[in-house]
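The values are calculated or read from the model by the stated rules, or taken from the named source; none is laboratory data. Worth saying up front: this structure is predicted, and the values here are computed from it rather than measured. Cβ sites come from the backbone with ideal geometry, for glycine too, and all protein chains shown count toward neighbours. Side chains included, ligands, DNA and RNA excluded: accessible areas come from the protein's heavy atoms. Shrake-Rupley method; radii C 1.70, N 1.55, O 1.52, S 1.80 Å.
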Amino acid sequence: MDTTLKTFKYQFIKFFQWISWIVICFGVLILILATFDKLPILAFPFGDNWLLISLGSLSIGILLYSLLIYLTRPSGIQNNHIWIQGISARKATAWIVSLILTFFYCILYWWPEYLGHSDAGENTGLIAFFDPLSMYLKNKPASQWFVYGALYTLAILLFGIKFILKYRHNRYQVIRTISVMFFQTGIAFLLPEYLLKMNLPYNDYKNMWPLNYYFFDGWHIQELLSHGNIGRNMLLFGILMIVFISPVLTYFYGKRWYCSWVCGCGGLAETAGDSFRHLSDKSIKSWKLERILVYAVLLFSIIMTAGVIYTFQTGQTHVLGISSAALRSWYGFIIGAVFSGVIGVGFYPLLGSRVWCRFGCPMAAILGIQQRFFSRFRITTNGSQCISCGNCTTYCEMGIDVRSYAQRGANIVRASCVGCGICAAVCPRGVLRLENGSVDLFSRTEKPKPNPQITDSIPYEELM
């Protein structure tokens, strides 16, 4: 390809990238105008279809940009400019995006009236903007959670396609991404809305305790029981997920079956958060903080749930002098809103995409314990092939120094590993493999032999 043709191709791509940004900004502008009830009333062909135009513009713009970026270069990680670009290097752009996300989550959780939500009268603003879609899906006006669910699902779908284009050479990544797109769209968003339309309880079948921390709330259990057999089946399925289905699947496939294939939090982190995965802190200090926080949250969720169940069974509002309702309220505020939402997503551009999964998710903590001591899943390494490029460590969103294991030829059996497989996908020598096997089930947690020739950021004592 001569220089003239290369220049023309470059200018062609840049031109349509700008077009895609203009289209995306147009979709965002409509949402902002809708929030302030400033949308103009237009005659045919626009009419009342501003919602369709807005979501359509966002979709077309993001898809066009993704096609231009990833179909004009080889698939996989490129390592180009990630530590100097504003959005991926914690520069001003990243801080602005983080502030906008954080501000949106604060409004969503604590001041939804500024989005137009109304318990008494008709919705206005952004909430009313989604009323037509809500009426179509469940015959009820929208709420702030419906708007959030719709935008959340759209983000996973659009950035999921972007992710597939980027890792199109890797079948594991393609299938895994299709899985999270399906579970978010079909099981977490459309099915619960359809249940409401049928006057049945809202139920996200894939969301289980302790991630679903209201599952054992008295009002929730009574709601399920009041709907007869289908409600009781929902309750039974939720309990089976906790005590049987999840442990069995974790035994065979590790925590990846949930964290990287099913969970909506993981789905958003893997798709919309993919550009920030290299920002996760890989230091020993961060690892120690992770172990303290995630198990503290798990303990908090167990105590809170025990109090809620005790109150439901006995009618006693206090346990050991502590109000179970207050405990439940504090858990919902600190863990359910601040940690999982505001920090968990709002800080994507600053701390990486798995802050919540790594430091706060009690579900990930339980699955991690099972994976560490009772699972066939591990990542095997071929140390003789490792060239210490560090791609695996750089792109591990859970902050694991994968290279330290690869250099030693040690299996990776870490409680925090979500089995996303990106470490294997970005390895240029095929050193890492995701495997399920039982041959070393009872010796897999033994430490590998120390190798004094290897020096890295992770001391040998900390490897396991």
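None of 70, 10, 105, 109 is touching a Lys or Arg at 6+ places or on another chain (Cβ under 8 Å) and either surrounded by fewer than 16 Cβ atoms within 10 Å (Cβ to Cβ) or under 20 Å from residue 273 (Cβ atoms) (or both) except 70. Taken together, the residues in the stretch 427-439 that are crowded, with 21+ Cβ neighbours inside 10 Å and touching a residue at least 40 places away in the same chain (Cβ under 8 Å) amount to 2. So is residue 184 within 17 Å of the chain's Cα centre (by Cα), open to solvent by 10 Å² or more (accessible area, probe 1.4 Å) and closer than 26 Å to residue 340 by Cβ or not? Yes: the conditions hold for residue 184. Among residues that are at negative phi and surrounded by fewer than 18 Cβ atoms within 10 Å (Cβ to Cβ), residue 156 is not included.
This table checks each residue for (1) open to solvent by less than 10 Å² (accessible area, probe 1.4 Å); (2) in contact (Cβ under 8 Å) with a residue 12 or more places away in the chain; (3) under 14 Å from residue 399 (Cα atoms); (4) touching a Cys at 6+ places or on another chain (Cβ under 6 Å).
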residue	(1), (2), (3), (4)
261	no, yes, no, no
266	yes, yes, no, yes
273	yes, yes, no, no
282	no, yes, yes, no
296	no, no, no, no
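Candidates in the stretch 374-403 are the residues that are of a type in the set (Ser, Thr, Tyr) and part of a helix (DSSP H, G or I); of these, the one that is farthest from residue 345 (Cα to Cα) is 384.
Taking the stretch 75-121 as the range and being part of a loop (DSSP other than H, G, I, E, B), in contact (Cβ under 8 Å) with a residue 60 or more places away in the chain and closer than 19 Å to residue 37 by Cβ as the test, only 116 passes. Checking the stated criteria, residue 256 turns out not to satisfy the condition of being touching a residue at least 12 places away in the same chain (Cβ under 8 Å), crowded, with 20+ Cβ neighbours inside 10 Å and touching an Asp or Glu at 6+ places or on another chain (Cβ under 8 Å). Would you be able to say whether some residue in the stretch 170-179 is farther than 22 Å from residue 69 by Cα, open to solvent by less than 60 Å² (accessible area, probe 1.4 Å) and touching a helix residue (DSSP H, G or I) at 6+ places or on another chain (Cβ under 7 Å)? So far as the stretch 170-179 goes, no, none of its residues is farther than 22 Å from residue 69 by Cα, open to solvent by less than 60 Å² (accessible area, probe 1.4 Å) and touching a helix residue (DSSP H, G or I) at 6+ places or on another chain (Cβ under 7 Å). Applying the criterion of at least 3 residues that are crowded, with 23+ Cβ neighbours inside 10 Å to the helices (runs of 4 or more DSSP H) found wholly in the stretch 306-373 leaves 355-359, 362-373. The set of residues from the stretch 79-101 being out of contact with any Ser or Thr (no Cβ under 9 Å at 6 or more places or on another chain) and buried (at least 17 other Cβ atoms within 10 Å of the Cβ) comprises 97, 98, 101. Taking the conditions exactly as written (closer than 19 Å to residue 346 by Cα and basic (Lys, Arg)), does residue 90 satisfy them or not? For residue 90, the condition - closer than 19 Å to residue 346 by Cα and basic (Lys, Arg) - is met.
When the stretch 212-236 is filtered for residues that are of a type in the set (D, E, K, R) and open to solvent by 20 Å² or more (accessible area, probe 1.4 Å), the ones remaining, listed by number, are 223, 232. Of the conditions (1) at pLDDT below 90; (2) open to solvent by less than 40 Å² (accessible area, probe 1.4 Å); (3) over 30 Å from residue 174 (Cα atoms), residue 48 satisfies every one except a single condition; which number is it? In the conditions (1) at pLDDT below 90; (2) open to solvent by less than 40 Å² (accessible area, probe 1.4 Å); (3) over 30 Å from residue 174 (Cα atoms), residue 48 misses (2) alone.
Candidates in the stretch 188-213 are the residues that are free of Cβ contacts under 8 Å to residues at least 24 places away in the same chain and assigned to a loop (DSSP other than H, G, I, E, B); of these, the one that is nearest to residue 258 (Cα to Cα) is 204. Only one of the numbered conditions (1) in contact (Cβ under 8 Å) with a residue 60 or more places away in the chain; (2) open to solvent by less than 60 Å² (accessible area, probe 1.4 Å) is not met by residue 37, and that is (2).
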